[in-house]
Amino acid sequence: MRAGWPPGAARRLLPIGLGTLAVPLDTAVNIAFPEITGHFGLTVPMIQWIVVCYVLTYGSLMLAVGRLGDILGHGRVFRLGLAWSAAAFLLCALAPGYGWLLACRVLQGIGAALLISCGPALVTLLFPEAMRGRMLGLYTLVFAAGAALGPLLGGVLVQLWGWEAVFWFRAPLALVALLLLPRLPGPPRGAAREPFDLAGAALLALAIGGLLLALGQARLLVAGEPWALLLGAAALAALAGFLRQAGRSPRPIIAPGFFRLPGFASVNAANALVNFAGFAVLLFLPYHLLGSAGLAAGAAGLVLAAGPLGSMVAAPAGGWLLGRVPPRRLALAGAALTAAGLLLIGLPGREAGIGLLVAALLAQGAGLGLFQVAQAETVTAAMPRADRGVAGSLTMVMRTLGVVSAASLLTLLFGAAEAAALRRGATAEEAFLEAFRLAFLLAAATAAAAAALLARGPRRAARGG
């Protein structure tokens with residue numbers, strides 16, 4: 001261990017990293033979609049519910065679970081998440097029907113919420129506060145590594161053992177992490193346990209879940225169906241109920257007053273915007289690489305891995321820079337670099353060589369890594385140590401809102417642009433490239449808007465606790 005690291009740091013970090021890795025490795029499931037649709041006799045649009053059930057579950061539960069970690073002990077909740085996730089992975093692999101698989105994906109989402117709501121709290125609370133930035137950088141690196149490895153491992157596993165392998169291969173990972181995890185400190189013995197606001201947790205879960213589902217079903221509005229609006233209205237009603245409950249509760253799930261701190265609301269909004277922009281890569285670039293660029297699947301996977309590789313390099317560097325650069329300035333630089341990378345992808349179109357595309361992905365990934373570390377530091381520093389579980393969960397919730405919004409809204413824009421080009425007489429490839437460029441220009445503009453939001457706000461969020 002290098003100088004400045006306390007004794008036993010690797011022994012404490014390894015199992016937390018292994019356990020956390022099981023969550024971003026879910027990108028392996030995307031590679032198995034064709035096998036899953038064939039096995040269960042599904043149409044392609046039905047596959048979205050494998051994603052929706054999972055994302056809705058962990059997205060709606062994270063803040064409430066983060067508060068539970070703050071009350072019961074983050075190590076205890078993390079252990080439960082490891083055991084729960086191992087069981088859920090096996091149940092997904094053994095699912096006898098599509099409905100069973102969706103139910104098991106909900107169970108997997110609960111396990112993910114237990115893990116990623118307490119993981120950031122553990123890596124920061126187990127070490128001195130002076131090391132917080134470096135710990136958040138390492139945690140971001142783990143997520144980037146999982147996102148990069150998922151598709152590569154998934155392709156091999158599906159080829160060797162079928163779609164079930166993208167689920168069961170993570171069960172041993174979670175169990176090994178559970179066995180290696182040392183005894184972690186819990187709440188002080190004899191201390192009065194603060195109450196858990198169950199009503200507030202339920203209302204907040206309904207609000208977040210309803211909003212995510214409404215965003216995911218935005219295409220229904222285009223088809224003239226009002227379900228997305230009704231879901232959005234229900235989510236707003238649940239949010240209003242949560243705010244009313246939070247005003248009455250002595251210890252709400254998250255105190256609304258945090259969002260009145262200087263810079264707190266803007267950095268969280270920027271988190272959603274930057275992740276909205278970055279998800280364009282996973283949505284559209286695979287089709288370009290396999291179609292217009294004519295790459296084989298393996299080569300396309302290697303090109304796509306450039307983005308997470310950039311994040312893996314930038315995240316620990318960002319953690320080191322946090323001791324020397326104000327977090328808000330680093331977040332602004334990350335958002336701007338993300339915008340620049342996305343702009344490079346969108347401007348050249350078909351003329352872009354693979355080398356330029358890899359460089360653009362490295363820039364976009366590095367920007368995302370820098371931004372995520374700086375944003376997590378800003379939110380963590382602004383909230384008391386007693387709220388570390390909620391702070392880490394809030395970061396993940398805003399990231400999820402951005403991703404789900406992109407999956408719905410960017411897809412709608414892409415489809416509309418492609419259809420308009422075809423009506424003007426463009427060939428299928430020309431229409432695709434026109435829609436592709438437009439989607440990435442919008443993504444770059446969204447990341448630039450996040451940078452502008454950070455530039456206009458105060459230079460530093462208020463620090464608490």
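Please treat every number below as a calculation from the coordinates, not as lab data. Just so you know, these numbers come straight off a predicted model, no measurement behind them. Cβ: placed from backbone, ideal geometry, glycine included. Neighbour counts: every protein chain shown.
Computed from label points 7 Å out along Cα-Cβ, the spacing between GLU35 and TYR287 is 2.5 nm.
Computed from backbone phi, the HN-Hα couplings of segment 387-394 come to 10, 4, x, 5, 4, x, 5, 4 Hz, rounded to whole numbers (Karplus: 6.51 cos²θ - 1.76 cosθ + 1.60, θ = phi - 60°; Gly and Pro given as x). Each part gets one Cα centre, and for segment 248-295 versus segment 307-328 those centres are 17 Å apart.
Between helix 170-180 and the chain there is an angle of about 20 degrees, using the helix long axis and the longest principal axis of the Cα atoms. By the Cβ rule of 4.7 Å, the chain holds the following cysteines without a possible disulfide partner: CYS53, CYS118. Here segment 9-110 is treated with +1 on each Lys and Arg Cβ and -1 on each Asp and Glu Cβ, and its dipole about the Cα centre works out to around 420 debye.
Indicate the gyration tensor shape class of the chain (rounded, prolate or oblate), computed on the Cα atoms with a ≥ b ≥ c the square roots of the eigenvalues: a/c under 1.5 is rounded; otherwise a/b larger than b/c is prolate and the rest oblate.
rounded
Model label sites at ALA233 and GLU429, defined 7 Å from Cα along the beta-carbon direction, differ in position by 4.8 nm.
The residue list LEU213, LEU173, ALA32 was ranked by how far each Cα lies along the charge dipole of the chain toward its positive end, using unit charges on Cβ atoms, and LEU173 comes out on top. Under a Cβ-Cβ cut-off of 11 Å, what is the net charge of the residues other than SER393 that fall near it, where Lys and Arg count +1 and Asp and Glu count -1? Residues close to SER393 contribute a combined charge of +1.
Highest mean first, how do 230-243, 331-344, 74-87, 26-39 rank when packing is the count of other Cβ atoms within 10 Å averaged over residues?
Working: 230-243: 17.1, 331-344: 24.9, 74-87: 22.4, 26-39: 18.9.
Descending mean neighbour count gives 331-344, 74-87, 26-39, 230-243.
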